[in-house]
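Have a look at the structure below before the remarks.
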Amino acid sequence: MLTPEQIETRLERILSSVQKPARYVGGEVNSVVKDWDSVSTRVALIFPDIYDIGVSNVGLKILYDQINQRHDALAERAYSVWTDMEAKMREQGIPLYALESKRPLGGFDILGFSLPYETLYTNTLNILDLAGIPLRSADRDETQPLVIAGGHACTNPEPMHAFIDAFVIGEGEEVIHEIIDAVQARQSQSATRADLLLALAKIPGVYVPRFYKTHYMDDGTVSHMETLADNLPATIVKRIVGKLPPPPTKFIVPNIEVVHNRASVEIMRGCTRGCRFCQAGMITRPVRERSVDDIVEAAAQAIRSSGFEELALLSLSSSDFTYVVELVNKISEKFKGQKLTISLPSLRIESVSIDLMDKLREHYSGGFTLAPEAASERMRRTINKFIPDEDILNTTREIYRRGWTTIKLYFMIGHPSETIEDVQAIVNLCKRVIAEGRKAAGMKVKLNVGVGTLVPKPQTPFQWVSVDTRESILAKQQLLKDGLRDRSLKLSWTRPDDTLLEAWLARGDRRTAEVIHAAWKRGAKFDAWEESRKHEIWMSAFAECGLDPAFYTHRTRRTDEIFAWDHIATAVRKNFLFQDFRQSLEGKIRVDCRQNCYACGILPTFSNLRREHPGGGWKCPDVKSPAKVSHPLSVIRGQIPVSGD
Ligand code: SF4
């Protein structure tokens, strides 16, 4: 294995010939370089995309901070290298290395991948290959690092089961320490890799695929999951922290301009609005809020330690933070007169957002982004994001009237039971927003409209739904293009092939792993980049594996079907999700469960944890017995309607 010095020497030969060489050198302010021999466990945290994107990933920042606080372990970082650098590295025989010490990834004890979304899968294989580590978990011997992964996409880990030794389901702040302790126990007992993996499989929230076997029905759906070792859980329940630990405040200051050149503080975790398409909202429950003072103090430390001129107050739905007005006031006070932009992403359309923004006006430069996600009131009921049209018009009019010239509105097509009228409603609503804007603020107003296509994600009420067909998506997008021709309107949309790729990877099963491997072998990588995605590669990979991609996206689902991810539990009961899905078809809405608990399953699962953390900022009301489920899965046999049925 090459030494850091040998890698440095070879790097000097090639860095001047690649784009943005500063991506590959490390040495940033606030990066932690520990003495390699002073610790017993070395962890490489990896974001499988380029430095410009990965360096801003909050999940890895939290783990980097957590691990480097230990005296017996160190954490370093690695990212995908861009294609020009990869070619040079392969040419020069340089394995992928960590930025802090320039040590090859093969020399670490643990490689920890962050997988927030599925289109990072081929890059993960490419990283393992460039690091000289066998792609398949089964091919790794005693000398190879342990390869683990975590992130939202892992709530269906099956497509990547062959390549990852162990998955962390849920939140990693505590589990990562238990994993490091298990690795150290193995080192001290000189136990085998298999012993280590079995020990990991007994840690709550850790899923080790090699100890499970999927059995299929003749129709290709899952019949059951067999456990291949004793005393292992049949269902892996996600881990959460009872109280959010102190947030990282030492932000690495990147060497180059990156996606988010800013400090950030997570003000709360989870969301209880219950939008039926939203995987993040379903899998990050319960809501736990930080205190206003903790947030303000962390923000001050983060800005002090980094010198960033932007601060983001992060959550899935910031205007739902209980003390949001007090927080904004205190933050404004704290940074009065300082050159600092404060962003409060993901605001709800309710008017409170504008008051907030006015308060932040001194520190807020960006446009205004709102996500109605559907334009007809009927469809907003179906997706459970009910806001009357008038509220949307009042809010956008007020935003323009208060001087913001650009608003971004996000919509989605392909929702269940969607009609062409629902799509036409997007055109009508946007035209009304612009017309009202012009009345309120003149002709200078602009509206950017982003239209995605629903990917019915695992662990959501829409997991029973099929993806809209390619032809239907194209027809709907053409309707939008024709309808939204206006110089003040800018329309962007997701290509149907990109939607399909995301859906195949999100809704796949263990057989999809072979498709991912075949696609990678055929050159697929950087699938998260529009210009790099090659649909034909994926189609030929499916053909090579004898699999029909439509099985994962365009096949109607049985109500009592076992999904490939059913052995992974986010503590939101499947029955609850099904009941919620049925309600969506009946146009029934559920209000924010802060006001009315629907017994989704979180409380019975984590009530002890809640009791152990009285100050954890939980937003679930007191424990209530689970509501009588009106549509038990096992009773209803039949077909699930697809979009437009
Ligand atoms: S337990 Fe109740 S309040 Fe808590 S997330 Fe579930 S439905 Fe909402």
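The values are calculated or read from the model by the stated rules, or taken from the named source; none is laboratory data. In this text, all values refer to a predicted model and were calculated from it rather than measured experimentally. Cβ atoms come from the backbone with ideal geometry, glycine included; neighbour counts cover every protein chain shown. These area figures cover heavy atoms from the full protein model, side chains too; ligands, DNA and RNA do not enter into them. Shrake-Rupley method; radii C 1.70, N 1.55, O 1.52, S 1.80 Å.
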key: Protection proxy ranking of 525-532, 224-231 - average other beta-carbon atoms within 10 Å, highest first   = 525-532, 224-231
message = Need one value: the accessible area of residue 346 in square angstrom, 1.4 angstrom probe, rounded to the nearest 10.
response = 50 Å²
task = Name all residues of region 540-563 having a backbone nitrogen under 19 Å from the label point set 7 Å from the Cα of residue 586 along its Cα→Cβ direction, giving them as ranges.
result = 559-560
ask   = Relative contact order of the chain: what whole-number percent is it, with Cα pairs under 8 angstrom and at least 6 residues apart?
value = 14 percent
task = Per residue of region 449-457, in order, report the coupling 6.51 cos²θ - 1.76 cosθ + 1.60 (Karplus, θ = phi - 60°) as ³J(HN,Hα) in whole Hz, putting x for Gly and Pro.
result = 10, x, 10, x, 10, 4, 10, x, 8
query = By what distance, in whole Å, do the Cα atoms of region 249-293 stretch along each of the three principal axes, largest value first?
reply = 39, 29, 12
task = Quick one: which residues, 5+ away or cross-chain, put their amide H under 5 Å from the amide H of residue 117? H built at 1.01 Å from N.
result = 153
query = According to the square roots a ≥ b ≥ c of the eigenvalues of the Cα gyration tensor, what is the shape class of region 18-147, taking rounded for a/c under 1.5, prolate for a/b larger than b/c otherwise, and oblate for the remainder?
reply = rounded
query = If you stretched the chain out fully between residue 17 and residue 543, how much longer would it get, using 0.36 nm times the residue separation minus the C-alpha to C-alpha distance?
reply = 185.5 nm
request  = Please pull out the direction-averaged projected area of the chain, using the convex hull of its alpha-carbon atoms, in nm² to one decimal place.
outcome  = 28.1 nm²
note = Computed over region 4-237, protein heavy atoms only, probe 1.4 angstrom, the accessible area per residue in square angstrom equals 35 Å²
remark   = With x for Gly and Pro, the residue-by-residue ³J(HN,Hα) of region 26-38, computed from phi through the Karplus equation 6.51 cos²θ - 1.76 cosθ + 1.60 at θ = phi - 60° and given in whole Hz, is x, x, 6, 4, 6, 7, 9, 10, 9, 5, 3, 7, 8
request  = Extending each Cα 7 Å along its Cβ direction at residue 58 and residue 481, get the distance between those two points in nm, one decimal.
outcome  = 3.6 nm
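Taking the DSSP beta bridges in the chain as the whole, what percent of them are antiparallel, to the nearest 5?
In the chain, DSSP labels about 25 percent of beta bridges as antiparallel.
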key: FRET efficiency for residue 181 and residue 536, using Cβ-Cβ distance with R0 set to 35 Å, rounded to 0.05   = 0.15
task = Could you please state how large a percent of the accessible area of the chain is carbon and sulfur, counting protein chains only and using a 1.4 Å probe?
result = 52 percent
key: Separation of the residue 391 and residue 410 label points, Cα + 7 Å toward Cβ, nm   = 1.7 nm
key: Anchor residue 481: aspartates and glutamates whose Cα lies under 20 Å away (excluding residues fewer than 8 positions away in-chain)   = 373, 418, 421, 422, 468, 471, 497, 498, 530
message = What number comes out for accessible area per residue over region 334-485 if the probe is 1.4 Å? Units Å², please.
response = 37 Å²
message = Counting each pair of different Cα atoms once, what's the Kirkwood radius of region 4-237 in Å, rounded to one decimal?
response = 18.4 Å
remark   = To the nearest 0.05, the calculated FRET efficiency linking residue 215 and residue 339 through their beta-carbon distance, R0 being 60 Å, is 0.50
